[in-house]
Every structure is written in structure tokens, then in C-alpha cells.
Amino acid sequence: MSKISEVIARVKETYGKTEPEFVQAVTEVLESIKPVEEKHPEFLRAGVYDRIVEPDRVIMFKITWEDDEGNIRVNRGYRVEFNGAIGPYKGGLRFRKSVNLGIIKFLGFEQIFKNALTGLPMGGGKGGSDFDPKGKSDNEVMRFCYSFMSELFRHIGPYTDVPAGDIGVGAREIGYLYGAYKKFKNEHTGSITGKAYEYGGSLMRPEATGYGLLYFTEEMLSHRGKSVKGKIVAVSGSGNVALYAIEKANEMGAKVVFASDSKGTIYDPAGISGEKFAFLKDLKERRRGRIKEYAEKYNVAYFEGKSVWDVIKKEGIKVDIALPSATQNEIHREHAEALVNLGVIAVAEGANMPSTPEAIEVYRDAGILYGPAKAANAGGVAVSGLEMSQNAMLLQWTKEEVDERLRKIMKHIYREAMDASVAYGHPGDLMVGANIAGFLKVARAMVALGIF
Ligand code: NDP
């Protein structure tokens, strides 16, 4: 048995029952880097495969806070500092009821390779809590964030570990978290990214993941002589990633016909653009409302309790490009089959691990363009990296400067993934290429730094 197969088997045996998402992520990455094993005996000698699946450090803690009725509430907090070989740990914080250690470990593991792919010096980490900001008052969210940071502040710092947002952690939460950090540490440094511009954030960070997703999609299409322009697009979700993906897709001349939230899906065949898009953005970003309101206001179809992919499958609606941007494992095999049978030409992942392994198999067998999350959605962490650089230099770049860098980084990621896919015998397979390119950088650093 190869070393890689042995490590996969061990991770499955140890975490198969308790941390299925982590096992899924490890299996996907390690399976796809198998072509590396033979070519690089130095990685075997240095025990890289065994070491890379173990987090450097896992921090779990209690968060106690008081709700508006005076009840004492307790939540669980996590920070997984997974791999710091190439730079400070970097990765978002997720606040959602379903958060557990396995989910944070899967996200932290993926982040290692994604961050390496950007070409910036960032290690991989992730964190969060089973706290759900939905339905809480601003004051409750603030008290929670201060309590969360009263523990986390001792583990992070601009050259140690730099958290950012993720699901449930947007501008409001980042503000409170950074406010707490500043108070506890008495310093104003780049130790959290996703900050507002007024107190040290980078312009374009809110837009970065969604815009980057479209830059990456355009790059994939252009190598097949195609373009986003004029295409029919399905986006799932209506959060940070989804909204800016819709905005950029509109700007590039595509028509976005689907969006969703955790309660249901809207289908607007005329396109979610102009005033309708402005309404959706205000509804989800500022008012934190339900997407159903869009359907009621504009008299379009609403599918309660159904995902975008359920609707596409059931109703047989054709789209050219699918941009899953809500959450993990939203596209299953039968959804992928429906997409392919209806003629989809590209799937690019805005969310982390939105496609199950079986769905990915369908894309690859069909030969459609597939942009895996760690390449396609790396724009967010890339601009977070640029925010760290700006903070370290105590300056702030213009929107145009950041956008230009983001475009270059997305092109660089595409090139790295494509070149690695060719060099390791899977030409054009961006999933294999992205995993290998990210892995090589980290593995070389781990070897160079010695056994630790
Ligand atoms: P947000 O919290 O801003 O938005 C998440 C969206 O997805 C919301 O519309 C939410 O619905 C919906 N959603 C969440 N969970 C589910 C579920 N189980 N079923 C159906 N819909 C769901 O998060 P982001 O946009 O920041 O993140 C979305 C994805 O992108 C995540 O996988 C995240 O890890 C990934 N990502 C985010 C980056 C970033 O920069 N923000 C960077 C790279 C990846 P509702 O409104 O009802 O809650």
C-alpha cells in the first residue's frame, strides 16, 4: 500500500464516524496528489503525508455571554491552527449552529492548499463557534463576540494567526471581534482581516471572493474560446460570496437566474440585475431578511425548502454556468447529472466543498470545466493577504490597485493549477492541479524547515 493510501485509511478509521467532512477533504486532497508520491521521495523521508493531516494546534474553548433577557448562554469556540509552514495561520471564522470540530478541521485543512496557491505567504487555519447570529440583537452579537475574543486574543496576532469572516461572520461581527482584540491587546495591527476601511481594512475585501470567482471562471472559459458574457448563470446562496458573484456576473454581461438562502430558492428568468439586484443586496446584507421577499416583490417563482440544484433537477431548467456559493455538500450526484444532462459548460465553486465526491466524478466524466473551491474561491483570502500587507506597511491601496492585484492572483492560480495538472500527468484537471500545486509549496517548506 502506498504511503498516501495508508494515511487516508488511518484518517478514515480514526475520524470516519466523528468528523466525516474532515475525512472527505483529506481523502479528496490526498487521492489527487498521488502522482506526487513517486516523484518526490524527499517528502516520504520527511514524513510529510503523516504530518500534513495533523493540525499544528487545536484550541477549543467555552464562550459565556448574557442574552437580552439576562439568561446566561454558553457556546463552544474553536480555532484550528492547521499548518504554519509557509506563513502565519490564516482562515476565517464561521458562526453557525451546525459548527463542530470536524467542520472546522475540514475547512482548515482545505485552507492550507488554497492559501499556498495564492502565492502569498499564508499558512492554513480556521475557527468558529456553534453560535448563530441569526435572530440575535446587535447587543447580543457584540457581547458574544467580546466573550469569544476574550479567549482567542491570546492565540492570534499579525505574525501568528490572522482570522477573517466566513458564514455568519460579516462586517458587523468582524467589527466587534476586532474591537475586542484591540481592547484586550492594546494594539492596532493586522491581526484580523475583513475589517472596514475606516479602521484599517482593505478596499475590495467584501467583493473579493465573489469577484475572484468570476475572474477565475472567465479564465477557465477563455482557454476554451468562451466567455462569461451572454451566459445563463445559477448562483446558490445570497450571502457575501453569492451577492458579489451575482454583481460581477451581471457586470460581465451574464444573466443570473437563481439565488437562494437556507429557507428556499428563487428563480427569476429575466435575471437578478439592476434594481432587483439592489433590492436583494439590501434585503440580505442590511436587513438580514429572507429571500422569499424577493419572490413576493417581483412575482417570480419561489421554492420553499429547496436548493437551487433541487429546482434545476426537478424543473429541468438549463443553465450554462453553475456557481455554488452557499455551503458544503450542496450538489449531490443527481444534481450534477441534471446539470450536465441539461448542458452546463462550467461549474466553479464559490463555497468550500459544495460538491460531493460523487458530483465531482460526474463533472470530470462529462469533461465539463470544473473550478474547484480552493482555486476558484481563493480571491477572498488573497485580498485578506493584501490587507495584511497594507496593515504591515500602515497604508491603504485604492480599489483599482487591489482589484488589479486580485485579477493577477486569480490568473496566477489558474496557471499554477493548470501547469501542475500537466506536469503530473492529468492535463486540464484543475482539481488535481490545484491540490498538487498547493501541496508542493507547503511540502517543500516543511522539508526545508526540518522535523518539528
Ligand atoms: P454568508 O453567511 O454571508 O452566506 C451564506 C449563504 O449561504 C446565505 O445565503 C445562507 O442562507 C446560505 N446557507 C448557509 N448554509 C446553508 C445551508 N446549510 N443550506 C442552504 N443555504 C445555506 O457566508 P459566505 O458567503 O461568506 O460563505 C459562503 C460559502 O463560501 C461558505 O462555504 C464559505 O466557507 C465560503 N467562502 C467564503 C469566503 C468569504 O470571503 N466570505 C471565502 C472563501 C470561501 P441564510 O441567509 O438563510 O443564512
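The values are calculated or read from the model by the stated rules, or taken from the named source; none is laboratory data. Only a predicted model underlies this, so the values are computations on that prediction, with no experimental measurement involved. Note: ideal-geometry Cβ built from the backbone for every residue, glycine included; neighbour counts use all protein chains shown.
Numbers at a glance
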quantity: Any pair with Cβ under 7 angstrom, 6 or more apart, that starts in the stretch 321-340 at a residue that is under 20 Å from V257 (Cα atoms) and ends at one that is of a type in the set (F, W, Y) and away from the ligand (no atom under 16 Å from the Cβ); calculated: A336/Y363
quantity: Residue among E296, E330 that is surrounded by fewer than 16 Cβ atoms within 10 Å (Cβ to Cβ), modelled with pLDDT of 95 or more and either in contact with a Phe, Trp or Tyr (Cβ under 8 Å, 6 or more places away or on another chain) or not aliphatic (A, V, I, L, M) (or both); calculated: E296
quantity: Unmet requirement for E187, which otherwise passes all of (1) in contact with a helix residue (DSSP H, G or I) (Cβ under 9 Å, 6 or more places away or on another chain); (2) surrounded by fewer than 18 Cβ atoms within 10 Å (Cβ to Cβ); (3) in contact (Cβ under 8 Å) with a residue 60 or more places away in the chain; calculated: (3)
quantity: Yes/no for K195 being charged (D, E, K, R), touching a residue at least 12 places away in the same chain (Cβ under 8 Å) and out of contact with any Asp or Glu (no Cβ under 9 Å at 6 or more places or on another chain); calculated: no
quantity: Pick from the stretch 144-159, criterion touching a strand residue (DSSP E or B) at 6+ places or on another chain (Cβ under 7 Å) and part of a loop (DSSP other than H, G, I, E, B), ranking: farthest from G179 (Cα to Cα); calculated: H155
quantity: Which listed residue, of G316, G305, is over 25 Å from the mean Cα position of the chain (by Cα) and either within 14 Å of the ligand (Cβ to nearest atom) or not acidic (D, E) (or both); calculated: G316
quantity: Residues being at negative phi and away from the ligand (no atom under 12 Å from the Cβ) - total across the stretch 349-371; calculated: 15
quantity: Strands (runs of 3 or more DSSP E) contained in the stretch 52-108 and holding at least 1 residues surrounded by 23 or more Cβ atoms within 10 Å (Cβ to Cβ), away from the ligand (no atom under 14 Å from the Cβ) and at pLDDT 95 or above; calculated: 72-83, 89-95
quantity: Contacts under 6 angstrom Cβ, first residue in the stretch 148-163 being in contact (Cβ under 8 Å) with a residue 60 or more places away in the chain, partner part of a strand (DSSP E or B) and among the β-branched types (V, I, T), 6 or more apart; calculated: F148/I63; H155/I59
quantity: Candidates T209, T217, filtered to the one that is out of contact with any helix residue (DSSP H, G or I) (no Cβ under 6 Å at 6 or more places or on another chain) and surrounded by 24 or more Cβ atoms within 10 Å (Cβ to Cβ); calculated: T217
quantity: Qualifying residue in the stretch 297-306 (condition: of a type in the set (G, A, S) and touching a helix residue (DSSP H, G or I) at 6+ places or on another chain (Cβ under 6 Å)); calculated: no
quantity: Some residue of the stretch 124-138 being over 25 Å from A443 (Cα atoms), more than 14 Å from the ligand (Cβ to nearest atom) and either at pLDDT below 95 or over 17 Å from the mean Cα position of the chain (by Cα) (or both); calculated: yes
quantity: Test: T217 is of a type in the set (S, T, N, Q), touching a Lys or Arg at 6+ places or on another chain (Cβ under 8 Å) and modelled with pLDDT of 95 or more; calculated: no
quantity: Members of the stretch 185-213 that are within 14 Å of the ligand (Cβ to nearest atom), among the hydrophobic types (A, V, I, L, M, F, W, C) and over 14 Å from the mean Cα position of the chain (by Cα); calculated: I192, M204
quantity: Where a residue in the stretch 234-255 is away from the ligand (no atom under 11 Å from the Cβ) and its partner, wherever it lies, is assigned to a helix (DSSP H, G or I) and of a type in the set (S, T, Y), with Cβ under 6 Å and at least six apart; calculated: K248/Y211
quantity: Evaluation of W309 against (1) more than 17 Å from A346 (Cα to Cα); (2) in contact with a strand residue (DSSP E or B) (Cβ under 8 Å, 6 or more places away or on another chain); (3) assigned to a helix (DSSP H, G or I) (one fails), failing number; calculated: (1)
quantity: Selection from the stretch 30-66 of residues that are under 25 Å from G92 (Cβ atoms) and of a type in the set (D, E); calculated: E54, D56
quantity: Some residue of the stretch 61-84 being within 30 Å of V432 (Cβ to Cβ), touching a helix residue (DSSP H, G or I) at 6+ places or on another chain (Cβ under 9 Å) and without any contact (Cβ under 8 Å) to a residue 40 or more places away in the chain; calculated: no
quantity: Residue list for the stretch 1-19, restricted to those being loosely packed, with under 15 Cβ neighbours inside 10 Å and of a type in the set (V, I, T); calculated: T14, T18
quantity: For S222: the one exception among (1) touching a residue at least 24 places away in the same chain (Cβ under 8 Å); (2) closer than 20 Å to E404 by Cβ; calculated: (1)
quantity: Meets criteria (surrounded by 17 or more Cβ atoms within 10 Å (Cβ to Cβ), within 14 Å of the ligand (Cβ to nearest atom) and closer than 23 Å to Y211 by Cβ) for I272; calculated: yes
